[in-house]
Amino acid sequence: DSSVVYTDVLIVGSGPAGSSAALFLSELGVPNIMITKYRWTANTPRAHITNQRTMEIFRDMGIEEQVLADATPHAMIGDTVFCTSIAGEEIGRILSWGTHPARHADYELASPSLNCDIPQTYLEPILVKNATVRGTQTQFSTEYLSHRQDPEGVSVRVLNRLTGTEYTIRAKYLIGADGARSKVAADIGLPYEGQMDIAGSMNITFKADIAALVGHRPSVLYWVLQPGSNIGGIGAGLVRMVRPWNEWLIVWGFDINDEPPAVTDEAAAQIVRNLIGVPDLEVEITGTSLWGNNEQYATRLQSGRVFCAGDAVHKHPPSNGLGSNTSIQDSYNLAWKIAAVLTGQAGEALLETYTAERAPVAKQIVTRANQSGREFGQLFAALGIDKAESAEQMHALIESRKDTTAEGAAKRQAIQAAMEIKNYEFNAHGVELGQHYNSSAIVGDGTTRPVPARDPELYYEASTHPGGRLPHAWVGDSSRKLSTHDLAPYGQFTLITGTTGQDWTTAAHKVSDRLGVTVGAVVIGPGQDVTDLYFDWAKLRGVTEDGAILVRPDKHVGWRADRLPADPEGALYQAVATILNRE
Ligand code: FDA
């Protein structure tokens, strides 16, 4: 049929989930088409905090430098302020995203990449450009209408919104990355837990140069406690930096049970002036929108040849900055599996591990983000303002934290304790890097997962236990400094061993030939492929020197062997074949 367009994978949506899926598939040489409803990418800044796991993925794709060039750097994003207005008094600060000196080591030790802040309006064009340059056919102004799947593929009806004409795209697989109100997810009837629209929020974007008020305490987030700031919204009033220090976004809540507020430019300017605390501030309102807070995740992410990724399967407020990050990480998990099945390297059952591995993450981050919003309640309670009935009363209650009385002392202590809890929103390193998979694409080694020594939400603990993310260490030689992640590129499996484990190299070559799957081998040791420059890898590898760690394309440990067995080829073959569901 000449009116049908053919491809291997059709991606619906060019947000973080869709554009990254397109990039990953093109990087792997898989023909793909990405359609998106509008004429261009996101038109509001939306997600911004980009965590280390995502930056590592960008490093893997060779686009980390492009992202950093458009981002506000790590050093400028962390002095999170809690205040009565930006020009007004501070309640306190919390150094965020690992910028506290006591936490910075954790972040530096864990990853070759530091986090940064890049609004979606800047990130999406980078992802779309790199995907398209590498092979994606990108179709703007093209809307997904419906699909029908059969044992060989999926026929998708789409609408060209410029011409008003409909046509069919025939693909082997369909990825619905069409956001929180996903039509693809609805059409395949994905099951969800939780609810949408549990609280109301409004976004106000504006331009105002307030460098003098914030430049000395550089941050992305300035939280404002004022009358109404605990109604709806995301825990408190938020003034969020988009570009330092003249472009901003305010998130302000409203009662979702009331009529949605009419946000005129005048009303928006008033909210801006209240939160900044400068009554005659010159401000240009550039946009307003209303949105509902959600607490909902899918428990299955696939139906046959159709998959959903991103907000389509996890819907939650921006707290913890997990939305875009998790969306990109979903696609990173899915794309190599689709590529492996398409090239015949893996059995179809590998695709079911996408749900097994990512649905628990969806649940975890939806729960975490909503809990973080609610935990602002403890700060309101500590200040005693949760029940304040007027602005005057609220002001007096906040002032009373200065009292030279026993009550004043108790209040100061309660504030400190409530601020401490906010680490679970702003320094949740374990949530960001500690994702651990359990599926048929992970082969256990008979050991149990180490019990965390510290709080697993706040602290990431490096481990090569199968299922976890490959630990980072710097390796190299006199001319190169590489991360262990750099040794294991996305297009292959990688086996990492030590000097006395060189027989694994032969085993990897043989297994590659037998399975038709690239299993690269890297020996870390003096005079070998790379050296353990700082002797860190020896402490992290979790196996003896002649043992081996099998790294999947997505940098999760698929299997490991504590030592060199009599038949390394047999052991490795068994592991790779099992991961790829080849039996
Ligand atoms: P996303 O919603 O980004 O993309 C969906 C894509 O699908 C779009 O390209 C759209 O055009 C396309 N599409 C939808 N239906 C289609 C159809 N029928 N046919 C074709 N294409 C279709 N997060 C955060 O961390 N901090 C924040 O401050 C904010 N703020 C924020 C504000 C607003 C207004 C929104 C809507 C969202 C946020 N978020 C946020 C959430 C964050 O933006 C979100 O987690 C990610 O964008 C999710 O990425 P996805 O790619 O999954 O969906």
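To the nearest 10 degrees, how steep is helix 406-421 against the longest Cα principal axis of the chain, on a 0 to 90 scale?
With rounding to tens, the tilt is 30 degrees.
Which value in deg cm²/dmol, rounded to the nearest 500, describes the helix-derived mean residue ellipticity at 222 nm for the chain, given -39,500 (n - 2.57) per DSSP H run of n ≥ 4 and division by the residue count?
After summing the helix terms and dividing by residue count, I get -9500 deg cm²/dmol.
Within a Cβ distance under 13 Å of residue 454, other residues only, what is the Lys/Arg minus Asp/Glu net charge?
Charge balance near residue 454 sits at -3.
Sorted from largest down, give the three principal axis spans of the alpha carbons of the stretch 1-58, whole angstrom values.
46, 27, 11
Take peptides 128-134, 210-216, 526-532 and line them up by average Cβ neighbours within 10 Å, highest first, as a rough protection proxy. Could the numbers behind the result be given before it?
On the way: 128-134: 18.9, 210-216: 14.3, 526-532: 16.3.
So the peptides 128-134, 210-216, 526-532, ranked by packing, come out 128-134, 526-532, 210-216.
Rg and Dmax of the stretch 1-130 over Cα atoms: what are they, in angstrom?
18.6, 69
Note down the Stokes-Einstein diffusion coefficient of the stretch 469-579 in µm²/s, whole number, using a Kirkwood radius over alpha carbon pairs, 10 °C, and 1.306 mPa s.
The Stokes-Einstein estimate is 116 µm²/s.
Report the antiparallel proportion of the DSSP beta bridges in the chain as a percent, rounded to a multiple of 5.
70
Over its Cα atoms, what ratio of radius of gyration to 2.2 N^0.38 Å does the stretch 183-285 give?
1.28
From the C-alpha gyration tensor of the stretch 376-421, pull out the three semi-axes of the equivalent ellipsoid (sqrt of 5λ each), sorted largest to smallest, in whole Å.
On the way: eigenvalues 53, 42, 8 Å².
Equivalent ellipsoid semi-axes, largest first: 16, 14, 6 Å.
For the chain, find the longest principal axis of its Cα atoms and tell me its angle to the long axis of helix 265-276, 0 to 90°, nearest 10.
With rounding to tens, the tilt is 90 degrees.
Specify the inter-centroid distance of the stretch 119-160 and the stretch 441-517, based on alpha-carbon positions, in whole Å.
Here the answer is 33 Å between Cα centres.
Semi-axes, largest first, in whole Å: what does sqrt of 5 times each Cα gyration tensor eigenvalue give for the stretch 210-255?
Ellipsoid half-lengths, sorted descending, are 22, 10, 7 Å.
Principal axis extents for the stretch 50-96, Cα atoms only, whole Å, descending order, please.
44, 18, 13
Given the Cα atoms of the stretch 140-197, and with Rh set as the inverse mean 1/r over their pairs in the Kirkwood sense, what is Rg to Rh to two decimals?
Result: Rg/Rh = 1.02.
Quick one: in the stretch 304-402, what % of C-alpha pairs are over 18 Å apart? Intermediate values should be presented prior to the final figure.
Working: 2919 of 4851 pairs.
That tail contains 60 percent of the Cα-Cα pairs.
What whole-number distance in Å separates the alpha-carbon centres of the stretch 174-234 and the stretch 65-105?
Their Cα centres are 19 Å away from one another.
Report the semi-axes of the equivalent ellipsoid for the stretch 373-514 in whole Å, largest first, where each axis is √(5λ) for an eigenvalue λ of the Cα gyration tensor. Kindly include the intermediate steps, with their values, before the conclusion.
Working: eigenvalues 558, 53, 36 Å².
Its equivalent ellipsoid spans semi-axes of 53, 16, 13 Å.
Based on Cβ point charges of +1 for Lys and Arg and -1 for Asp and Glu, what charge dipole magnitude is obtained for the chain about its Cα centre, in debye rounded to the nearest 20?
700
Ranked highest first by average number of other Cβ atoms within 10 Å, how do 22-30, 382-390 line up? Don't jump to the answer; show the numbers that get you there.
Details: 22-30: 24.4, 382-390: 15.8.
Highest-to-lowest ranking by the protection proxy: 22-30, 382-390.
Angle between the Cα long axis of helix 323-342 and the longest principal axis of the chain, 0 to 90 degrees, nearest 10?
The answer is roughly 20 degrees.
So what does the Cα-only Debye profile of the chain read at q = 0.07, 0.08, 0.12 Å⁻¹, as log10 I(q)/I(0), no solvent term?
Log-scaled intensity ratios, in q order: -0.44, -0.58, -1.20.
When you have a sec, figure out the Kirkwood radius of the stretch 292-333 from all distinct Cα pair distances and drop it here in Å to one decimal? Mind showing how you got there, number by number?
Numbers: mean 1/r = 0.0917 Å⁻¹.
Mean inverse Cα-Cα distance, inverted, gives 10.9 Å.
Rule-based calculations on the coordinates, nothing more; no lab input. Because the structure is a prediction, the values reported are computed rather than measured. Using ideal geometry, Cβ is built from the backbone for each residue, glycine included, and neighbour counts are taken over all protein chains shown.
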